[in-house]
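I have placed the structure first, in the form of C-alpha coordinates, so that the comments after it can refer back to it.
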Amino acid sequence: MTSETFKPIVYLKENCPFCLKVRLFLLESGLASDVESRDFVPGTEQEEKIRAELSPHLDRVSFPSAQLEPGRYVTESDDIIAFFAAKAGRDPAGMTVYRNYVDGVFAMSMKLWKENQELKKVASAA
(Lines give C-alpha, C1' and ligand atoms only; values in the text may rest on other atoms or scores of the structure.)
Protein backbone atom coordinates (compact mmCIF):
# COMPACT_ATOMS: atom_id res chain seq x y z
CA MET A 1 0.00 0.00 0.00
CA THR A 2 1.50 3.35 -1.00
CA SER A 3 0.78 6.74 0.50
CA GLU A 4 -0.85 7.68 -2.84
CA THR A 5 -3.60 5.10 -2.34
CA PHE A 6 -3.76 5.26 1.45
CA LYS A 7 -7.02 6.51 2.92
CA PRO A 8 -6.76 7.70 6.56
CA ILE A 9 -8.78 5.64 9.02
CA VAL A 10 -10.61 7.04 12.05
CA TYR A 11 -11.89 4.76 14.80
CA LEU A 12 -14.97 6.23 16.46
CA LYS A 13 -16.90 4.94 19.46
CA GLU A 14 -20.65 5.51 19.61
CA ASN A 15 -21.73 8.20 22.13
CA CYS A 16 -18.15 9.38 22.70
CA PRO A 17 -18.03 13.20 22.89
CA PHE A 18 -14.42 13.29 21.63
CA CYS A 19 -15.33 11.03 18.69
CA LEU A 20 -18.29 13.27 17.80
CA LYS A 21 -15.93 16.26 17.82
CA VAL A 22 -13.75 14.55 15.19
CA ARG A 23 -16.77 13.45 13.15
CA LEU A 24 -18.24 16.98 13.12
CA PHE A 25 -14.94 18.44 11.99
CA LEU A 26 -14.62 15.90 9.18
CA LEU A 27 -18.18 16.53 8.02
CA GLU A 28 -17.99 20.32 8.14
CA SER A 29 -14.55 20.43 6.51
CA GLY A 30 -15.75 18.27 3.63
CA LEU A 31 -13.21 15.53 4.37
CA ALA A 32 -15.58 12.81 5.59
CA SER A 33 -15.56 11.04 2.22
CA ASP A 34 -11.74 11.10 2.15
CA VAL A 35 -11.54 9.12 5.39
CA GLU A 36 -12.48 5.54 6.23
CA SER A 37 -14.57 5.58 9.40
CA ARG A 38 -14.63 2.47 11.58
CA ASP A 39 -17.49 3.00 14.00
CA PHE A 40 -18.42 0.70 16.84
CA VAL A 41 -20.69 0.34 19.84
CA PRO A 42 -18.89 -0.13 23.18
CA GLY A 43 -18.86 -3.67 24.52
CA THR A 44 -19.32 -5.36 21.14
CA GLU A 45 -17.24 -7.83 19.17
CA GLN A 46 -16.49 -4.99 16.74
CA GLU A 47 -14.85 -3.04 19.56
CA GLU A 48 -12.71 -6.06 20.47
CA LYS A 49 -11.56 -6.36 16.84
CA ILE A 50 -10.71 -2.66 16.64
CA ARG A 51 -8.81 -2.74 19.96
CA ALA A 52 -6.85 -5.79 18.73
CA GLU A 53 -6.05 -3.97 15.48
CA LEU A 54 -4.84 -0.83 17.30
CA SER A 55 -3.02 -2.32 20.29
CA PRO A 56 0.25 -3.13 18.46
CA HIS A 57 0.49 0.51 17.34
CA LEU A 58 -0.51 2.48 20.45
CA ASP A 59 0.81 2.57 24.00
CA ARG A 60 -2.78 2.83 25.22
CA VAL A 61 -5.85 2.31 23.04
CA SER A 62 -8.42 5.06 23.47
CA PHE A 63 -10.95 6.75 21.26
CA PRO A 64 -11.03 8.45 18.96
CA SER A 65 -7.98 6.94 17.32
CA ALA A 66 -6.73 7.33 13.79
CA GLN A 67 -4.19 6.03 11.36
CA LEU A 68 -3.37 9.30 9.63
CA GLU A 69 -0.66 7.96 7.34
CA PRO A 70 0.71 4.46 6.84
CA GLY A 71 2.07 3.45 10.25
CA ARG A 72 1.25 6.78 11.95
CA TYR A 73 -1.35 6.29 14.67
CA VAL A 74 -2.68 8.92 17.08
CA THR A 75 -5.32 8.96 19.80
CA GLU A 76 -6.05 12.58 20.74
CA SER A 77 -9.05 14.25 19.11
CA ASP A 78 -7.25 17.60 18.90
CA ASP A 79 -4.24 15.97 17.17
CA ILE A 80 -6.52 14.20 14.69
CA ILE A 81 -8.39 17.44 13.96
CA ALA A 82 -5.14 19.43 13.61
CA PHE A 83 -3.86 16.94 11.02
CA PHE A 84 -7.03 17.14 8.94
CA ALA A 85 -7.33 20.92 9.38
CA ALA A 86 -3.85 21.35 7.91
CA LYS A 87 -4.67 18.91 5.11
CA ALA A 88 -7.89 20.76 4.22
CA GLY A 89 -6.53 24.24 4.85
CA ARG A 90 -9.41 24.87 7.25
CA ASP A 91 -9.28 26.75 10.54
CA PRO A 92 -11.53 24.99 13.06
CA ALA A 93 -12.13 28.33 14.79
CA GLY A 94 -14.11 29.47 11.75
CA MET A 95 -16.29 26.38 11.45
CA THR A 96 -19.74 27.20 12.81
CA VAL A 97 -21.18 23.76 13.61
CA TYR A 98 -17.89 22.44 14.97
CA ARG A 99 -17.42 25.52 17.20
CA ASN A 100 -21.02 25.38 18.43
CA TYR A 101 -20.44 21.79 19.54
CA VAL A 102 -16.99 22.38 21.08
CA ASP A 103 -17.96 25.59 22.88
CA GLY A 104 -21.44 24.38 23.88
CA VAL A 105 -22.38 20.74 24.38
CA PHE A 106 -18.79 19.45 24.52
CA ALA A 107 -17.64 22.10 27.01
CA MET A 108 -20.63 21.42 29.26
CA SER A 109 -20.08 17.67 29.00
CA MET A 110 -16.44 18.04 30.06
CA LYS A 111 -17.43 20.32 32.95
CA LEU A 112 -19.97 17.78 34.19
CA TRP A 113 -17.50 14.91 33.75
CA LYS A 114 -14.88 16.71 35.86
CA GLU A 115 -17.47 17.53 38.50
CA ASN A 116 -18.56 13.89 38.58
CA GLN A 117 -14.95 12.73 39.01
CA GLU A 118 -14.47 15.14 41.92
CA LEU A 119 -17.69 13.94 43.57
CA LYS A 120 -16.61 10.30 43.19
CA LYS A 121 -13.26 11.13 44.76
CA VAL A 122 -14.94 12.84 47.74
CA ALA A 123 -17.45 9.99 48.12
CA SER A 124 -14.73 7.34 48.10
CA ALA A 125 -12.75 9.22 50.77
CA ALA A 126 -15.80 9.42 53.09
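Proximity of backbone amide H atoms, modeled 1.01 Å from N, is registered between residue 37 and 10 at under 5 Å, excluding neighbours fewer than 5 places apart on the same chain.
Overall shape: oblate for the stretch 1-44, with the ratio a/c of the largest to smallest alpha carbon gyration tensor axis at 1.5 or above and b/c at least equal to a/b. Counted over the stretch 1-70, the DSSP beta bridges are approximately 40% antiparallel. Legend: calculated FRET efficiency, residue 117 to residue 14, from the Cβ-Cβ distance at R0 = 22 Å, rounded to 0.05, equals 0.50.
Once the 1.4 Å probe is applied to the protein heavy atoms, the chain comes out at 62 Å² accessible per residue.
For volume of the Cα convex hull per residue in Å³, one of (i) 89; (ii) 123; (iii) 113 was computed from the structure I shared and the rest are decoys. Which label? The value matching this structure is (ii). Out of the DSSP beta bridges found with both residues in the chain, what percent are antiparallel (nearest 5)? The antiparallel proportion sits near 55 percent. Measuring nothing but protein heavy atoms, the accessible surface of the chain at 1.4 Å probe radius is 52 percent carbon and sulfur. Karplus-derived 3J(HN,Hα) values for the stretch 78-95, using 6.51 cos²θ - 1.76 cosθ + 1.60 with θ = phi - 60°, are 5, 5, 5, 5, 4, 4, 6, 4, 5, 4, 8, x, 10, 9, x, 4, x, 9 Hz; glycine and proline are entered as x. Restricting attention to the chain, the count of lysine pairs at 8 or more positions apart or across chains with alpha carbons under 21 Å apart stands at 12. Applying both filters, DSSP loop and at most 11 other Cβ atoms within 10 Å, to the trypsin sites (Lys or Arg not before Pro) of the stretch 16-99 gives 60. Only helical runs count toward this figure. For the chain, summing -39,500 (n - 2.57) over DSSP H runs of n ≥ 4 and dividing by all residues gives -14500 deg cm²/dmol at 222 nm.
The values are calculated or read from the model by the stated rules, or taken from the named source; none is laboratory data. Since the structure is predicted, the reported quantities are computational estimates derived from the model, not experimental observations. Glycine gets a Cβ as well: all are built from the backbone with ideal geometry, and neighbour counts include every protein chain shown. With ligands, DNA and RNA removed, areas are computed over all heavy atoms of the protein, side chains included. Shrake-Rupley method; radii C 1.70, N 1.55, O 1.52, S 1.80 Å.
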